[in-house]
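Report on one structure; see the data block that follows.
The values are calculated or read from the model by the stated rules, or taken from the named source; none is laboratory data. Note that the coordinates shown come from a computational prediction; the quantities given were computed from them, not determined experimentally. Here Cβ is always computed from backbone atoms with ideal geometry, including for glycine, and neighbour counts include all displayed protein chains. The protein model used for the area step is the full one, side chains on, heavy atoms only, and it has no ligands, DNA or RNA in it. Shrake-Rupley method; radii C 1.70, N 1.55, O 1.52, S 1.80 Å.
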Amino acid sequence: MTTPITPELLLEAYEVGFFPMSEDADDPGVFWVNPPMRGIIPLDQFHVPRRLARTVRQDVFEVRIDHDFDAVIDGCSASAPGRLSTWINADIRRLYGTLFARGACHTVECWRDGALVGGLYGVALGGAFFGESMFSRERDASKVALVHLVGRLIAGGFTLLDTQFITEHLRQFGATEIPAADYRDQLSKAVGEKADFYCWPAAGVAGALSLQPVSHTS
């Protein structure tokens, strides 16, 4: 008999390097993933392209933290160019919704004219943050959310940003792959550390402040 996935089991899985996925939104099943190469963004090597840094400083979007989880996961699970289906099914929505209610799952949201136009969500455990998914309905919205996330993580004392896999989109920010054994070494240290996701206000901060902890722009 398959053991039901509970929020507690989900956090335990993260702590040892596993994360859940489903085949698509209509698939009722969830399976565990622990890839041999793990995507991470080294926080001390996070890179912000010059044009994006200018957009962040201009505060084109209103950035909110943990404001509307349901809207964010709706955006992450919606079809988009190059992505007709999603791995976010009903069980995953339930699990992460529960973690959000308990303060273990967080969103970074970009709003414009009263509408959510991009954002991301992930799980915080000790000094590790596990990025789950992001979406964008306007140019640069998800990228701005990522910059605000990284600034907050660095300021709050986090030491590991897990991206699970890497894409060309993430490579531009310094994402890289490391062997699973190296990842577990970093993970075991990070989850035992203390970090504060709310070191900055939940209402969000100005773009210029979010860039201050980031050391690499070009």
Any chymotrypsin sites (Phe, Trp or Tyr not before Pro) in the stretch 114-218 that lie in a DSSP loop and have at most 13 other Cβ atoms within 10 Å would be PHE165, TYR198
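When a/c is below 1.5 the answer is rounded, else prolate if a/b is larger than b/c, else oblate, so apply that to the stretch 157-218 with a ≥ b ≥ c taken from the square roots of the Cα gyration tensor eigenvalues. Mind showing how you got there, number by number?
Details: a/c = 2.46, a/b = 1.27, b/c = 1.94.
Oblate.
Please go through the stretch 162-218 and write out the GluC sites (Glu not before Pro) that DSSP classes as loop and that have at most 15 other C-beta atoms within 10 Å. The partial results should precede the final answer.
Values: sites: GLU168, GLU177, GLU193; in loops: GLU193.
Those satisfying the criteria are GLU193.
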Compute the accessible area per residue over the chain, keeping the other protein chains in place, probe 1.4 Å, unit Å².
46
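So which trypsin sites (Lys or Arg not before Pro) in the stretch 126-174 are both in a DSSP loop and have at most 15 other Cβ atoms within 10 Å of their Cβ?
Passing sites in the stretch 126-174 are ARG139.
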Of the options SER210, GLN164, ALA175, report the single residue whose Cα projects farthest towards the positive end of the charge dipole of the chain (beta-carbon charges: Lys, Arg +1; Asp, Glu -1).
SER210
I'd like to know which of GLN58, VAL123, CYS105 lies farthest towards the positive end of the charge dipole of the chain, counting +1 on Cβ of Lys and Arg and -1 on Cβ of Asp and Glu.
GLN58
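Multiplying the sequence separation of ASP91 and THR6 by 0.36 nm and subtracting their Cα-Cα distance, what value in nm do you get?
Numbers: separation 85, 0.36 × 85 = 30.60 nm, distance 0.99 nm.
The ASP91-THR6 span can extend by a further 29.6 nm.
Roughly speaking, to the nearest percent, how much of the chain's 1.4 Å accessible area is carbon and sulfur?
Values: 5230 of 10060 Å².
Carbon plus sulfur share of accessible area: 52 percent.
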Report the full-extension gain for the segment CYS199 to ALA71: residue separation times 0.36 nm, less the Cα-Cα distance, to one decimal in nm.
43.7 nm
Using a 1.4 angstrom probe on the protein heavy atoms only, could you order ASP162, ASP113 from most to least accessible area?
ASP113, ASP162
Just how far, in whole angstrom, is the stretch 118-190 from the stretch 41-76 if you go by their alpha carbon centroids?
11
